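*Asks:* Please read through the structure below; I'll follow up with questions.
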Amino acid sequence: MTERGTAIDTIRAVRIAGPGREFLIDDEPVDIFIADGRIVDIAPTGALPAQGEVIDADGTWAVPGLWDNHVHTVQWALTSERAPLGQADSAAAAAAAMSDVAALPDGRRVGTGFRDALWADRPSLEVLDAATGVVPTYLINADVHSVWLNTAALAREGFRTDDGVLRETDAFEISRRLNAVDAAHGDRAMMRAGEQAAARGITGLVDFDMAWSAEAWPRRVQAGFASHRVEFAMYPFDLERAIAAGLRTGELREEPDVPVAGRGLIHVGPLKVITDGSLGTRTAACSHAYPGDPGNFGVLTVPSDELVALLTRATGSGLAVAVHAIGDRAITSALDAFTTTGAVGSIEHVQLVRHADLARFARLGVFASVQPQHAVDDRDLVDRHWAEQTAIGYPLASLRDAGAHLRFGSDAPVSELDPWHAISAAVSRTDDEREPWHPEERITVDQAIEASVRSTLRPGEPADIVLCAVDPRTATGEGLRSMPVVATVLAGHVTHTA
């Protein structure tokens with residue numbers, strides 16, 4: 001078995017199933033030749049002698065390296081240290097689940113992944129205090145846009161609220177504090193998480209961690225991180241710092257004398273701007289009010305004029321932008337700002353889109369950065385809380401048919417970091433025994449893979465390659481979700497073998 005970190009020169013007898021297949025005359029196995037981290041030749045198996053270190057693919061199927069275009073990396077990496085609350089079906093159950101959770105070394109109890117939007121009861125200080133006592137306790141919503149704290153935690157953090165729930169900006173501040181572990185702890189967690197990502201075929205991700213990553217990622221690579229490529233974002237509170245540091249989107253960011261396997265992996269990403277809330281917290285900015293709450297149309301957390309100013313400053317400084325916009329009002333505001341400023345980049349999430357806005361993505365060249373698994377996870381929330389909305393919920397086919405360029409991600413830890421889950425959800429629009437949810441928004445496997453990669457399998461392209469035990473083009477929705485990844489190769493180096 002080829003060891004992790006090995007530099008590969010030849011992948012022998014592989015069938016190409018992803019982008020690049022269109023340049024071949026048939027589906028017979030080929031040999032892929034690699035040099036200096038790039039594909040240099042592709043030939044019918046045996047037509048040219050194998051060179052150097054060889055992976056014998058034995059007829060498995062190859063797709064280009066997969067990307068997750070939306071990850072909160074440190075929060076995702078720390079998830080395994082926090083109590084899972086995804087199965088809690090009430091506030092009482094979630095509070096009770098935290099009562100026996102051991103405190104972390106810093107004295108806090110932390111749980112994550114609850115979804116209160118479908119609960120019959122509501123989070124309250126009384127319920128959480130009764131279950132958790134004087135130990136500071138924090139429950140992070142699955143959408144990360146709200147955090148439920150007990151009285152001890154509120155006192156520790158210096159916040160006051162009647163029900164114990166902090167939302168939006170205050171919730172993000174709590175997450176930043178919980179994620180601010182010491183560098184060595186965070187780096188170890190990222191090493192483990194990177195290996196897990198590589199095991200699912202990930203060769204690149206966009207990092208939306210709410211911290212200064214311009215120093216963290218080069219440090220991690222210097223220490224041996226080499227699992228995948230990273231484009232790291234910054235937030236408005238660090239915009240002037242980024243400009244002063246000379247950061248420009250797309251530029252390489254690494255320290256001298258980087259280990260060979262880690263060279264060229266870290267690049268400056270976009271400015272991330274969060275302009276509205278979320279469906280789960282009932283704060284996404286929508287045209288119609290939320291049921292039972294006639295005054296609640298969500299929140300536009302960044303007014304349109306302020307968004308234009310941010311995009312103008314970023315664009316003039318060489319930074320692309322990634323604008324979080326979930327509700328239709330927020331998406332229209334974001335598209336308007338792109339129009340006014342000429343900014344380049346993406347709109348993140350794109351969960352409720354006015355019909356008239358679909359074609360604007362293509363006209364403006366703005367990526368629709370979406371998380372297909374959210375459509376599956378949120379279908380019951382949509383049916384309850386967005387039933388009165390007239391815009392399109394969680395569009396994929398509609399965006400693509402209008403000419404928009406899709407990019408897929410997970411929003412981990414909101415959804416599991418697994419690109420095959422995104423591909424499956426896009427193709428099947430279900431992950432259980434229920435019928436597909438809005439099947440008219442399904443796309444094909446080829447289209448879903450295209451939205452999950454940044455390269456193709458052809459000479460001159462990066463040697464970022466994923467070998468699959470099953471042909472993705474013929475796999476069922478469940479088969480895609482559980483896709484066996486035989487090996488992952490990043491810039492010609494093995495990052496995972498089964």
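*Asks:* Projected onto the charge dipole of the chain (+1 at Lys/Arg Cβ, -1 at Asp/Glu Cβ, origin at the Cα centre), which of Trp212, Pro29, Gly246 gives the Cα projection farthest towards the positive end?
*Replies:* Gly246
*Asks:* Follow-up. Taking the Cα centre of the chain as the origin and placing charges on Cβ (Lys, Arg +1; Asp, Glu -1), which of Ala120, Val14, His349 is farthest toward the positive end of the dipole?
*Replies:* Farthest towards the positive end: His349.
*Asks:* In terms of modelled amide H atoms, which long-range or inter-chain residues lie less than 5 Å from the amide H of Ala83?
*Replies:* Sorted by chain and number, the residues that satisfy this are Val110, Gly111, Thr112.
*Asks:* Check Ala285: other-chain or 5+ apart residues with amide H under 5 Å from its amide H, H built from backbone geometry?
*Replies:* Gly277, Val299, Ile326, Gly327, Ala330
*Asks:* Return the label of the correct value of Kirkwood radius over Cα pairs in Å, as calculated from the structure shown, out of (1) 27.6; (2) 27.0; (3) 23.4.
*Replies:* (3)
*Asks:* Here's another thing I want to ask about it. Subtract the Cα-Cα distance of Met191 and Asp401 from 0.36 nm times their separation in residues, and report this length gain in nm to one decimal.
*Replies:* 71.7 nm is the gain from fully extending Met191 to Asp401.
*Asks:* OK, next. With bins 10 Å wide starting at 0, give me the P(r) of the stretch 102-241 over every alpha carbon pair, in whole percents.
*Replies:* Going from the shortest bin to the longest, the percentages are 10, 35, 31, 20, 4.
*Asks:* Per the helix-only calculation at 222 nm, which mean residue ellipticity applies to the chain, given -39500 (n - 2.57) for every DSSP H run of n ≥ 4 and division by its residues, nearest 500 deg cm²/dmol?
*Replies:* -8000 deg cm²/dmol
*Asks:* Here's another thing I want to ask about it. Using a cut-off of 12 Å between beta-carbons, work out the net charge of the residues near Arg434 (Lys and Arg +1, Asp and Glu -1, Arg434 not included).
*Replies:* Residues near Arg434 contribute -4 overall.
*Asks:* Considering only C-alpha atoms, what is the centroid distance from the stretch 106-120 to the stretch 144-220, in Å?
*Replies:* 14 Å
*Asks:* Could you tell me what a quarter of the Cα convex hull surface of the stretch 82-135 works out to, in nm² with one decimal place?
*Replies:* 3.5 nm²
*Asks:* Cβ under 10 Å from Ala17's Cβ, Ala17 left aside: what net charge do those residues give with Lys, Arg +1 and Asp, Glu -1?
*Replies:* Neighbourhood net charge equals 0.
*Asks:* Give me the percent of DSSP beta bridges within the chain that run antiparallel, rounded to the nearest 5.
*Replies:* Roughly 45 percent of the DSSP beta bridges within the chain come out antiparallel.
*Asks:* Right, something else. For every other residue with a beta carbon closer than 11 angstrom to the beta carbon of Ala334, add +1 if it is Lys or Arg and -1 if Asp or Glu, then tell me the sum.
*Replies:* Counting the neighbours of Ala334, the net charge comes to -3.
*Asks:* Please figure out what share of the DSSP beta bridges in the stretch 336-481 is antiparallel and state it in percent, rounded to the nearest 5.
*Replies:* 25 percent
*Asks:* Work out the length of the dipole vector of the stretch 208-349 about its Cα centre, built from +1 on the beta-carbon of each Lys and Arg and -1 on the beta-carbon of each Asp and Glu, and round it to the nearest 20 debye.
*Replies:* Here the stretch 208-349 has a charge dipole of around 240 debye.
Each value in this text was obtained by applying a stated rule to the coordinates, not by laboratory testing. Just so you know, these numbers come straight off a predicted model, no measurement behind them. Heads up, the Cβs are rebuilt from the backbone with ideal geometry, glycines too, and the neighbour counts pull from every protein chain shown.
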